[in-house]
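Notes for the one structure printed next.
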Amino acid sequence: MIAKKVTIGAPDGLHARPAGDLVKLVKSFAGTQVTLSTAARSVNASSILSILSLALKEGTEVEVKAVGPDEEKALAEVTRFLESL
């Protein structure tokens, strides 16, 4: 397992459209589980409803964790995606 912290920089936070794009990205790494964690809770990043339930707003710090055969690539791409919002 590897992890990295990212701060949401998007003024609108992580809303439905980018959350859907994030789920597609995460699902492209078959066999690798990606988790998003805040101070309050952790969710599976392959579920749009779980991601939206975090209510990620601008300035929120999120820890991205990846476990599996493509964990390094998944972590790099998911953190890059979140940082580019």
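The values are calculated or read from the model by the stated rules, or taken from the named source; none is laboratory data. Keep in mind that what you see is a predicted model, and the values were worked out from it rather than measured. When we count neighbours, we look across all protein chains shown, and the Cβ atoms used for this are built from the backbone with ideal geometry, even at glycine. Heavy atoms of the whole protein, side chains included, go into the accessibility calculation; ligands, DNA and RNA do not. Shrake-Rupley method; radii C 1.70, N 1.55, O 1.52, S 1.80 Å.
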field: Degrees, to the nearest 10: 71-83 long Cα axis against longest axis of the chain
entry: 20 degrees
- prompt: How long, wide and thick is the chain, going by the Cα atoms along their three principal axes, in whole angstroms, largest first?
  reply: 33, 22, 21
message: Between 0 and 90 degrees, rounded to the nearest ten: what's the tilt of helix 16-27 against the longest Cα principal axis of the chain?
response: 10 degrees
query: For the chain, which whole-number percentage of the solvent-accessible area (1.4 Å probe, protein heavy atoms only) is attributable to carbon and sulfur atoms?
result: 50 percent
- request: With runs of 4+ DSSP H residues as the only contributors, calculate the mean residue ellipticity of the chain at 222 nm using -39,500 (n - 2.57) per run, divided by the residue total and rounded to the nearest 500.
  value: -11000 deg cm²/dmol
- request: Would you kindly state the longest site-free stretch of the chain, with sites defined as trypsin sites (Lys or Arg not before Pro) in a DSSP loop (not H, G, I, E, B) surrounded by at most 15 other Cβ atoms within 10 Å?
  value: 1-40
task: Might you report the magnitude of the Cβ-based charge dipole of the chain about its Cα centre, with Lys and Arg at +1 and Asp and Glu at -1, to the nearest 20 debye?
output: 140 debye
